[in-house]
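The structure under discussion appears below in the form of C-alpha cells.
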Amino acid sequence: MVAETDGCLLFLRARVQSLGGEGCSLLPHGHFWIASQRVVALGRVGPAAVEVKEGLINAIAVGDYRSFVLRRPLVDYGDAVIMPGLIDVHAHLDEPGRAEWEGFSTGTRAAAAGGITTLVDMPLNSFPSTVCEETLKLKVDAARDKLYVDVGFWGGLVPENALNPRKLESLLNAGVLGLKSFMCPSGINDFPMTNSTHIEEGLVTLAKYKRPLLIHAERIPDVVSDEELDGELDPRSYATYLKSRTPAWEESAVRDLKRAMKDTEVGGRSEGAHLHIVHLSDSKTTLELLKDAKHSGAKVTIETCPHYLAFSAEEVPDGDTRFKCSPPIRDAANKDNLWEALLDGHIDMLSSDHSPSTPDLKLMEEGNFMKAWGGISSLQFVLPVTWSHGKKYGITLNQLASWWSEKPAELAGQKNKGSILPGYHADIVVWKPEAQFHLDDTHAVYHKHRNISAYLGKELSGKVLSTFVRGNLVFAEGKHAGAACGATILAKGSGAKK
Ligand SMILES: NC(=O)NC(NC(N)=O)C(=O)[O-]
Ligand SMILES: [Zn+2]
Ligand SMILES: [Zn+2]
C-alpha cells in the first residue's frame, strides 16, 4: 500500500514481534517504520516512511511522514538516503576450495558494510567450479550459517556440459540463477573456455528456463598485433599489460557472438534466452557492436564495473598490480565514454567483479603485471566509488538505484527484490552521500585481504549507515548483526512449463 500524506493511517497496524532468528538483526523489532527526507522509491526521491513487516515492505507513506506516523517504532534517518539495497550480480566468493582467497563470511560481511543486500556468486575461483548439480550443492553447503546478505549462484557453461542438455538441465534444476562462460582462458584449470558453438547450444537450453547466460567476452584475436607479441616490454609498466590485451580482444569476442545474439531475437532459435556481457571495458567498437545487436532486437544486456569508471590507465602506477584485471582498465577517454554510455542507457547495470586472491598471487613486490593474478577487490566500496566518481557526470540517486538494484534484480530473476515497493523484500541501504572519508589504514575493511584493494588510500564520499536484509538490520554504525541470517537463493522451475 502506498499512501500520500493526507491519507488516514488504516495501513498502520504496528505489532512488535521478534524476528525469525536470534541475533539476526541489530534491531529488536519485526515490524517497524524507517523514514527519511530522501527515500528513493516510486521513481522519485523525497520524504517518505517505509513500513517493514515480517521481512517485507508493507507500506510506503509518501510526504511529510512526521505528521502521521504516530505509532512506533520509527527509525528516522533525517536527511540520509534510503535506497533499495544493492544487488551485486558479479562477485567471486571462492568457497569451497579457495577460502584463503575470499569466503562467504568475509565477503558477505563486506557486502553488508557496503550496502549490498544480495549478491550472486560466480561459478569459478572456488574449487571445484560450480558446473554441475553436485558442485552447486558443495557451494550451498559451504555457505550455510555464514551469510550476512542473501546469495544466489551462477553455474558454469563449460565444454563438458554445453553440448549436453541433460547435464545443463540438471544444473539449472538444482537452482543456479543462470550460467556464465568464458571466451578466453579463465586462469582456472577446471573452468575451461567455451567457443561460439558451445554458447549457441547452451542458449537453447537456457531459453527454456528463461535464465541468462553471462559471458566474459574477450577472445584472443585471430591476428595478434606486433605490439602484443613484443616480449621485450617492461612487465612492471601498466602500458605493457594494456598492449598485451587490447580492445580487439573484446571486439573479437562480440563479433563471434553474432549468431548467438541473433538467435535470441523473436523467432530466433533461442528466443527467450538472454545474453549478458559482463564487465565491459571497451567503450568503442565493442560497445557499438552490442548497441547494434540490441537495436536489431537481440536480448542482450551489458554491465560495467566501478573500476572502469573510477580509474584510467594513465594513473595506474608502475608495478601496482592491485589494478590488474581483465579486461584491462583503459585510458581516460574510454572511461568518459563508459560513463556516457551508462547515462544514455546503453550500458544497463553495474557489478563489482570483486575477484580477490591471496596477496602473494598479486606479486606486489615484484610488480609484474604480466604474471600477477588479475582481479580487483572492491565489494565493500562500490557504492561510494560509483557515487564519488559519478557525481562529476551528474548521476542521480534514481539512476544509482536502477544500475545497482532494479536492473540486476531483473537479470537474476529476483522479482521481489531491487525496489522499495509494497510486497518486496525489505532489502534497504541507508547512506549519507555527502559524508566523506579517507580509506586509510584505520578504516574497517571486511574483505579477507584489505591490502590488495586498489581503493585503499583513496578519498571517497558516501558512507553507509545501515543495511537491512529482509527486514533484518544486518549492519549499522560499523557493527554487524550477531548471527549470519542471509539466505541462499535457488531458482525454481523451468520457464518451459509455464
Ligand atoms: N578468474 C577470475 O576471477 N577472473 C576474473 N578476473 C578479472 N576480472 O580480472 C574475471 O571475472 O574475469
Ligand atoms: Zn570475467
Ligand atoms: Zn569476474
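Numbers below:
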{"quantity": "Qualifying residue in the stretch 151-162 (condition: touching a His at 6+ places or on another chain (Cβ under 7 Å) and either away from ligand 3 (no atom under 16 Å from the Cβ) or among the acidic types (D, E) (or both))", "calculated": "yes"}
{"quantity": "Which numbered condition N164 fails, given (1) away from ligand 1 (no atom under 14 Å from the Cβ); (2) surrounded by fewer than 24 Cβ atoms within 10 Å (Cβ to Cβ); (3) within 22 Å of A91 (Cβ to Cβ); (4) not hydrophobic (A, V, I, L, M, F, W, C)", "calculated": "(3)"}
{"quantity": "Unique residue being surrounded by fewer than 18 Cβ atoms within 10 Å (Cβ to Cβ) and touching a residue at least 24 places away in the same chain (Cβ under 8 Å) when the list is P123, P96, P84", "calculated": "P96"}
{"quantity": "Checklist (1) in contact with a strand residue (DSSP E or B) (Cβ under 8 Å, 6 or more places away or on another chain); (2) not assigned by TED's automatic domain parsing to the domain that holds A110 applied to T442, failing item", "calculated": "(1)"}
{"quantity": "Condition check for T301: β-branched (V, I, T), assigned to a helix (DSSP H, G or I) and closer than 27 Å to T117 by Cβ", "calculated": "no"}
{"quantity": "Check on G493, modelled with pLDDT under 95 and either under 28 Å from G390 (Cβ atoms) or assigned to a loop (DSSP other than H, G, I, E, B) (or both)", "calculated": "yes"}
{"quantity": "Helices (runs of 4 or more DSSP H) (entirely within the stretch 238-293) containing at least 2 residues that are of a type in the set (G, A, S), over 26 Å from the mean Cα position of the chain (by Cα) and under 29 Å from E366 (Cβ atoms)", "calculated": "238-244"}
{"quantity": "Hits in the stretch 336-355 (condition: among the hydrophobic types (A, V, I, L, M, F, W, C) and over 22 Å from L275 (Cβ atoms))", "calculated": "W339, L343"}
{"quantity": "Residue match in the stretch 213-235 (condition: more than 16 Å from ligand 2 (Cβ to nearest atom) and under 25 Å from the mean Cα position of the chain (by Cα))", "calculated": "no"}
{"quantity": "All positions within the stretch 343-373 that are within 14 Å of ligand 1 (Cβ to nearest atom) and either among the β-branched types (V, I, T) or at pLDDT below 95 (or both)", "calculated": "T358"}
{"quantity": "Residue check, T240 under 30 Å from G267 (Cβ atoms) and among the polar types (S, T, N, Q)", "calculated": "no"}
{"quantity": "Matching entry among H276, H295 (being within 16 Å of ligand 2 (Cβ to nearest atom), farther than 19 Å from I220 by Cβ and modelled with pLDDT of 95 or more)", "calculated": "H276"}
{"quantity": "All positions within the stretch 373-399 that are among the hydrophobic types (A, V, I, L, M, F, W, C), away from ligand 3 (no atom under 16 Å from the Cβ) and within 27 Å of T106 (Cα to Cα)", "calculated": "F381, L383, V385, W387"}
{"quantity": "In the stretch 305-318, residue nearest to the chain's Cα centre (by Cα) [restricted to those that are away from ligand 2 (no atom under 16 Å from the Cβ) and part of a loop (DSSP other than H, G, I, E, B)]", "calculated": "F311"}
{"quantity": "Search result, residues across the stretch 259-295 that are in contact (Cβ under 8 Å) with a residue 60 or more places away in the chain, polar (S, T, N, Q) and away from ligand 1 (no atom under 16 Å from the Cβ)", "calculated": "T264, S270"}
{"quantity": "Residue in the stretch 432-442 that is at pLDDT 95 or above and within 30 Å of L179 (Cβ to Cβ) present", "calculated": "no"}
{"quantity": "The stretch 139-158, residues that are within 17 Å of V469 (Cα to Cα) and not acidic (D, E)", "calculated": "A143, R144, K146, L147, Y148, V149, V151, G152"}
{"quantity": "Qualifying residue in the stretch 124-139 (condition: small (G, A, S), within 16 Å of ligand 3 (Cβ to nearest atom) and more than 20 Å from the chain's Cα centre (by Cα))", "calculated": "no"}
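The values are calculated or read from the model by the stated rules, or taken from the named source; none is laboratory data. Not measured: the values here are computed from a predicted model. Using ideal geometry, Cβ is built from the backbone for each residue, glycine included, and neighbour counts are taken over all protein chains shown.
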